[in-house]
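S.K.: Before anything else, here's the structure in question.
The values are calculated or read from the model by the stated rules, or taken from the named source; none is laboratory data. Quick caveat: nothing in here was measured; it's all calculated off a predicted structure. All Cβ positions, even for glycine, are placed from backbone atoms using ideal geometry, and neighbour counts span all protein chains on display.
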Amino acid sequence: MPLQPKNFKSKKRQKGRKLIHFNNKFELKFGNCGLMILRPIIFTSLHLSRFKFFLKKANKRGDKTRRKLWFSLFPYLPLSKKPANVRMGKGKGKLKTWFTNVRGGTVLFEYNNLRYGRSLYFLEQATFKLGIATVKMFPQNFFFNFPFRADKKIFFRSFWS
């Protein structure tokens, strides 16, 4: 299995309820652009590992541009399944895969040190790969529309470290 937790108490656990309600975390924590999903979804370990591989491949120039990627999901729930054509009873079944429930309103991943056009391109690709409703997130007052009109007063918000 591609992704699985190192320490766990039992491989056979109950799945619990499906998540229908919305998560109220609408801010970016680490990066300057991110992708938020709008509906609850279940990711298996295979889905997550392939999605991480896709994002790292899109981020392959990270050593030159100091791009950083934060991925906020990990499969921590076990999923067991009985084989086909087996009669009922005789226990629960073997461990098939690990999965995670993700609520709507969760930021899946965040990028840092990424230009606006490049970030839009990466986020569009990731949205197409996921196939669910998403929102691209940017901090306020981060990007400006060019060219500026001469008759408008321009307010720049700058931060110095």
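S.K.: Phe53: touching a strand residue (DSSP E or B) at 6+ places or on another chain (Cβ under 6 Å) and free of Cβ contacts under 8 Å to residues at least 40 places away in the same chain, yes or no?
M.R.: So Phe53 fails the test.
S.K.: If you don't mind, another one. From Leu73, Leu46, Leu95, Leu55, which residue is assigned to a strand (DSSP E or B) and either over 23 Å from Pro139 (Cα atoms) or in contact with a helix residue (DSSP H, G or I) (Cβ under 8 Å, 6 or more places away or on another chain) (or both)?
M.R.: Just one listed residue meets the conditions, Leu95.
S.K.: Here's another thing I want to ask about it. For residues that are small (Gly, Ala, Ser) and modelled with pLDDT under 85, scanning just the range 45-71, find the one that is farthest from Leu95 (Cα to Cα).
M.R.: Among them, the one singled out is Gly62.
S.K.: Answer yes or no as to whether Leu35 is in a strand (DSSP E or B), within 13 Å of the chain's Cα centre (by Cα), buried (at least 18 other Cβ atoms within 10 Å of the Cβ) and at pLDDT 85 or above.
M.R.: It is true that Leu35 is in a strand (DSSP E or B), within 13 Å of the chain's Cα centre (by Cα), buried (at least 18 other Cβ atoms within 10 Å of the Cβ) and at pLDDT 85 or above.
S.K.: Going by the conditions given, is Lys52 among the basic types (Lys, Arg), out of contact with any Cys (no Cβ under 8 Å at 6 or more places or on another chain), surrounded by fewer than 16 Cβ atoms within 10 Å (Cβ to Cβ) and within 29 Å of Asn7 (Cα to Cα)?
M.R.: Criteria not met by Lys52.
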